[in-house]
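Readers should treat all values here as calculations from the given coordinates under stated rules, not as data from a laboratory. Being a predicted model, the structure only gives us computed values, none of them experimental. No Cβ is skipped: glycine too gets one built from the backbone with ideal geometry, and neighbour counts run over all protein chains shown.
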């Protein structure tokens, strides 16, 4: 996949270097483990919840001069894929304009996690990206 | 051996506690199998000695909508070091949703020497029990010939239609919004949708997760389960369904093994088939 914003492209290129599935999974788990929850008070507002994400993910966007920043709360200790993708989006979308965010393809999920995700799982992750797009629209 | 050490209310030997697994996980005749919705979970840490079975990669035909072939299943069990006398204990994330699905697929092929660890990986982790990232080296078991029997615990659309026409017992385990037809797919799962919304006429709505304590991941007590499913007669056949047959495998397990209904089948075609079929009855 080409044409991604530079930080997202770096993630995709790095994960593509792994031929071994287990090693790639460990790399994604490392990303998940670097995720930290934001300081928003609980309960998180319903309007911030990503629809259809089994792991209960919440997103907040903030526009500042020059671009957007996003925060993600993954309210499920077993939501590892969601934590990894939250970290990737948080870093990768930071500072991008609305137009740049809109152009990030949903297939980014498959580039990161591969095609072996269940359909439900992949849709939940895609909805995290789509929620960012809606916030930035 | 008291398999259900902390569950004096259920008599099935299909359910084992985390304590039982901790005491028996070194037994070479027991194979622990983790099945998850999230493919990262096993690799972050699993019960020592547990192998992973992934339902997409391992249990489904890669091309057509069906489960794996007899040959592929026989190969899978051989590589997993599972013979006919091996006791397989399934567990996983999301309240054992995927673990019960894997158990159901195993049972399709006649493998019934299986159990579910009550509470799944959530309870195991909450209790601070040992986890490892080490993938076990499993000794290959002699290959057996396993044969899938689709007639006993699996239901197909024509059978469901016939069952419905005879006012047979049906349980729809999807969300209330899917049952009512307000949604044609589970929230956020548009690719698993259908052209029509609603439910099979006569089906009762009991969302699958109601059978589980969300705090512990354990199945509810027998009294609570009886209150939930008490209107269904054990004397009659029950067919359960959801969207693609995974959530309903959880309810199938509850009905068959915890409540002791002898004749329960899972309609894995479920709403993604029924809601797209021409001419079948639908109720909203």
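Could you work out how far apart the two model spin labels at residue B:145 and residue A:133 are, taking each label as a point 7 Å from the Cα in the direction of the beta carbon, and quote it in nm?
With each label point 7 Å from Cα toward Cβ, the separation is 5.2 nm.
Take every Cα-Cα pair in the stretch B:15-126 and report what % of them are more than 20 Å apart.
Looking at the stretch B:15-126, the distances longer than 20 Å represent 34 percent of pairs.
Averaged over its residues, how many other protein chain Cβ atoms are within 10 Å of peptide B:31-42's Cβ atoms?
Counting Cβ atoms of other protein chains within 10 Å of each residue's Cβ and averaging gives 5.
How far, in degrees from 0 to 90, does helix B:70-79 lean away from the longest principal axis of the Cα atoms of chain B, to the nearest 10?
30 degrees
How well do other chains shield peptide B:141-152, expressed as the mean number of their Cβ atoms within 10 Å of each residue Cβ?
Working: counts 0, 0, 0, 0, 0, 0, 0, 0, 0, 0, 0, 0.
Across the residues of B:141-152, the mean count of other-chain Cβ atoms within 10 Å is 0.
For the stretch B:26-45 and the stretch B:230-282, what is the centre-to-centre distance using only Cα atoms, to the nearest Å?
One Cα centre to the other: 27 Å.
Ranked highest first by average number of other Cβ atoms within 10 Å, how do B:205-216, B:128-139 line up? Intermediate results must be reported in sequence, preceding the final value.
On the way: B:205-216: 16.9, B:128-139: 11.3.
Answer by packing, highest mean first, reads B:205-216, B:128-139.
Would you mind estimating how fast the protein assembly as shown diffuses translationally, via Stokes-Einstein at 4 °C and 1.567 mPa s with the Kirkwood radius over Cα pairs, in µm²/s?
57 µm²/s
Calculate the all-directions average of the projected area of the stretch A:6-136's alpha-carbon convex hull, and give it in nm². Intermediate results must be reported in sequence, preceding the final value.
Numbers: hull surface 30.6 nm².
For the Cα atoms of the stretch A:6-136, the hull's average projected area reads 7.6 nm².
When the distances between all Cα atoms of the stretch B:56-193 are binned every 10 Å from zero, what whole-number percent does each bin get?
All Cα pairs considered, the percentages come to 10, 28, 36, 21, 6, 0.
What distance in nm separates the simple spin-label points at residue B:215 and residue B:165, each placed 7 Å from Cα in the Cβ direction?
4.9 nm
Across bins of 10 angstrom width beginning at 0, how are the C-alpha pair distances of chain B distributed, in whole percent?
Calculated P(r), rounded to whole percents: 6, 29, 35, 22, 6, 0.
Going by how many other Cβ atoms sit within 10 Å of their own, how do B:73, A:18, A:85 line up, fewest first?
Fewest-to-most Cβ neighbours within 10 Å comes out as A:18, B:73, A:85.
Would you compute, for the Cα atoms of the stretch B:83-147, the largest minus smallest coordinate along each principal axis and list the three values in descending order, in whole Å?
So the extents along the principal axes, rounded to whole Å, are 39, 25, 15.
Measure of size requested: the Rg and Dmax of the stretch A:1-78, with Cα atoms as the atom set and Å as the unit; please supply both.
When restricted to Cα atoms, the stretch A:1-78 yields Rg and Dmax of 15.3, 42 Å.
Roughly how tilted is helix B:97-108, in degrees to the nearest 10 and between 0 and 90, from the longest Cα axis of chain B?
In chain B, helix B:97-108 runs at an angle near 90 degrees to the longest axis.
Between the alpha-carbon centers of the stretch A:77-111 and the stretch B:98-136, tell me the distance in whole angstrom.
After rounding, the separation between the Cα centres reads 31 Å.
If you split all Cα-Cα distances of the stretch B:157-274 into 10 Å bins from zero, what percentages do you get per bin, shortest first?
Calculated P(r), rounded to whole percents: 14, 48, 31, 7.
How much mean residue ellipticity at 222 nm does the protein assembly as shown get from its helices, if each DSSP H run of length 4 or more adds -39500 (n - 2.57) and you divide by all residues, to the nearest 500 deg cm²/dmol?
Computed mean residue ellipticity for the protein assembly as shown: -9500 deg cm²/dmol.
Could you check the simple spin-label distance between residue B:27 and residue B:157, using points 7 Å along Cα→Cβ, in nm with one decimal?
About 4.4 nm separates the two model spin labels.
Can you give me the relative contact order of chain B as a percent, contacts being Cα pairs under 8 Å and 6 or more apart?
The value is 19 percent.
Would you work out the relative contact order for the stretch A:6-136, in percent, from Cα pairs under 8 angstrom that are 6 or more residues apart?
RCO, the stretch A:6-136: 29 percent.
Using only alpha carbon pairs under 8 Å that are at least six residues apart, calculate the relative contact order of the stretch B:15-126 and give it in whole percent. Walk me through the numbers before you get to the answer.
Numbers: 168 pairs, mean separation 38.2, N = 112.
With pairs under 8 Å counted, the relative contact order is 34 percent.
Roughly how many whole Å is it from the C-alpha centroid of the stretch A:120-137 to that of the stretch A:23-42?
The stretch A:120-137 and the stretch A:23-42 have Cα centres spaced 17 Å from each other.
Going by how many other beta carbons lie within 10 Å of each one, how would you line up B:46, B:261, A:63, fewest first?
A:63, B:261, B:46
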